[in-house]
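The values are calculated or read from the model by the stated rules, or taken from the named source; none is laboratory data. As the structure is a prediction and not an experimental result, all values here were calculated from the model. Counting neighbours? That spans all protein chains shown, and the Cβs are built from the backbone with ideal geometry, glycine included.
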Amino acid sequence: METKIETLAEFHERTGFFTQHSLPDHGELCLNPNLSKKVDETGDFLPYYGNTVVFCLPESAKERIRALQAALYTASGSILARQLDPATFHITLHDLANGPSPALMEQEVPQIQQHALDLVGALQAEVGAIRLHSSCLFNMVNTSMVLGFVPSDEESCHRLMTFYQRLQEVLRLDYPLTPHVTVAYFRPGRICTEDVAKLNKVIAHWKCEPALTLELCGADLAYQLFSSMNHYWTP
């Protein structure tokens with residue numbers, strides 16, 4: 001079954017609540033147990049392997065996100081993993097193979113790599129802008145704090161979702177696209193009430209900041225490999 005290509009209204013309807021209400025107003029937060037596959041209790045990144053297709057970001061956007069990262073660590077550094085290298089900031093278009101076993105790089109990744117490269121090459125040749133703007137800082141499935149993005153117009157939404165649909169040919173996912181940049185991972189465990197409140201203050205402050213606007217296109221796409229959540233490269 002094909003993933004539905006959403007309209008802009010459908011995109012807002014699907015993502016609006018969970019991005020705007022990602023943290024409790026009161027009380028603690030129990031983090032996703034799968035986080036311990038990527039980050040240890042001291043905040044160090046663990047080996048985690050795979051391949052992915054991402055939109056690379058301009059340096060000006062990375063600088064804005066770096067400032068947001070600094071605000072998060074000033075407020076709540078003790079509950080966050082080691083800082084992500086800003087060079088890794090990207091918007092994931094489509095997840096592919098991933099997991100903690102290094103054997104994945106010798107088995108699953110090679111099986112899909114050429115198909116992924118061929119499709120990325122075709123999409124890179126597509127002409128037309130994908131205009132996005134930042135919406136809110138939010139907690140992504142109790143693993144990380146991310147900066148969400150939404151399409152700025154119907155044409156951009158259709159183009160973005162079509163790109164995602166094309167990559168479903170490589171590895172079919174059972175969830176739709178929610179464009180975002182990961183700003184910081186949590187450390188595994190629980191976040192106490194006081195630290196949840198600190199995160200909510202950073203979220204509220206970001207809402208008062210001007211939106212970060214992006215104009216991306218096929219040429220900004222890259223097929224990448226990774227060996228941890230802080231080490232990506234283009235083969």
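For segment 87-130, what are the residues that are surrounded by fewer than 17 Cβ atoms within 10 Å (Cβ to Cβ) and closer than 26 Å to Glu63 by Cα?
Ala87, Asp95, Gln124, Gly128, Ala129
Hey, does segment 97-119 have a residue that's more than 24 Å from Pro47 (Cα to Cα), touching a residue at least 12 places away in the same chain (Cβ under 8 Å) and within 20 Å of the chain's Cα centre (by Cα)?
no
So which of Val181, Val141 ends up being within 30 Å of Glu41 (Cα to Cα), aliphatic (A, V, I, L, M) and crowded, with 22+ Cβ neighbours inside 10 Å?
Exactly one residue qualifies, and that residue is Val181.
Each row is one residue, and each column tells you yes or no for (1) among the acidic types (Asp, Glu); (2) in a helix (DSSP H, G or I); (3) touching a helix residue (DSSP H, G or I) at 6+ places or on another chain (Cβ under 6 Å); (4) at pLDDT 95 or above.
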{"residue": "Leu84", "(1), (2), (3), (4)": "no, no, no, yes"}
{"residue": "Pro110", "(1), (2), (3), (4)": "no, yes, no, yes"}
{"residue": "Gln113", "(1), (2), (3), (4)": "no, yes, no, yes"}
{"residue": "Asp118", "(1), (2), (3), (4)": "yes, yes, no, yes"}
{"residue": "Gly121", "(1), (2), (3), (4)": "no, yes, no, yes"}
{"residue": "Cys136", "(1), (2), (3), (4)": "no, no, yes, yes"}
{"residue": "Asn139", "(1), (2), (3), (4)": "no, no, no, yes"}
{"residue": "Val146", "(1), (2), (3), (4)": "no, no, no, yes"}
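Please indicate, with yes or no, whether at least one residue in segment 36-56 is out of contact with any strand residue (DSSP E or B) (no Cβ under 6 Å at 6 or more places or on another chain) and assigned to a helix (DSSP H, G or I).
So far as segment 36-56 goes, yes, one or more of its residues are out of contact with any strand residue (DSSP E or B) (no Cβ under 6 Å at 6 or more places or on another chain) and assigned to a helix (DSSP H, G or I).
Cβ contacts < 7 Å: first residue closer than 13 Å to Gly27 by Cβ, restricted to segment 183-201; second residue among the polar types (S, T, N, Q) and in a helix (DSSP H, G or I), any location; separation 6+ or different chain. Result?
Asp195/Ser76; Leu199/Ser76
Yes/no matrix, rows are residues, columns are (1) among the hydrophobic types (A, V, I, L, M, F, W, C); (2) modelled with pLDDT of 95 or more; (3) not in a loop (DSSP other than H, G, I, E, B):
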| site | (1), (2), (3) |
| --- | --- |
| Ser156 | no, yes, yes |
| Leu171 | yes, yes, no |
| Val181 | yes, yes, yes |
| Ala184 | yes, yes, yes |
| Ala197 | yes, yes, yes |
| Val202 | yes, yes, yes |
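Quick check: is even one residue across segment 25-44 at pLDDT below 95 and either of a type in the set (D, E, K, R) or under 30 Å from Ser156 (Cβ atoms) (or both)?
Among the residues of segment 25-44, at least one is at pLDDT below 95 and either of a type in the set (D, E, K, R) or under 30 Å from Ser156 (Cβ atoms) (or both), which makes the answer yes.
Could you give me the residue pairs with C-beta distances under 8 Å whose first residue belongs to segment 208-235 and is among the hydroxyl-bearing types (Ser, Thr, Tyr), whose second residue is part of a loop (DSSP other than H, G, I, E, B) and at pLDDT 95 or above wherever it lies, and which are 6+ apart or on separate chains?
Filtered contacts from segment 208-235: Thr213/Ser152; Tyr223/Thr234; Ser227/Pro47; Ser227/Tyr48; Ser228/Lys38; Ser228/Leu46; Ser228/Pro47; Ser228/Tyr48.
Just to check your reading of the model, which residue among His26, His21 is free of Cβ contacts under 8 Å to residues at least 12 places away in the same chain and either within 22 Å of Glu194 (Cα to Cα) or hydroxyl-bearing (Ser, Thr, Tyr) (or both)?
On inspection, the qualifying residue turns out to be His21.
Find all pairs meeting these conditions: Cβ atoms under 7 angstrom apart; at least six residues apart or on different chains; first residue within segment 156-173 and within 20 Å of Ala219 (Cβ to Cβ); second residue at pLDDT below 95 and of a type in the set (A, V, I, L, M).
His158/Ile5; Met161/Ile5; Thr162/Ile5; Gln165/Ile5
Looking at the structure I just gave you, is Thr15 part of a strand (DSSP E or B), touching a residue at least 24 places away in the same chain (Cβ under 8 Å), under 27 Å from Val170 (Cα atoms) and under 17 Å from the mean Cα position of the chain (by Cα)?
No.
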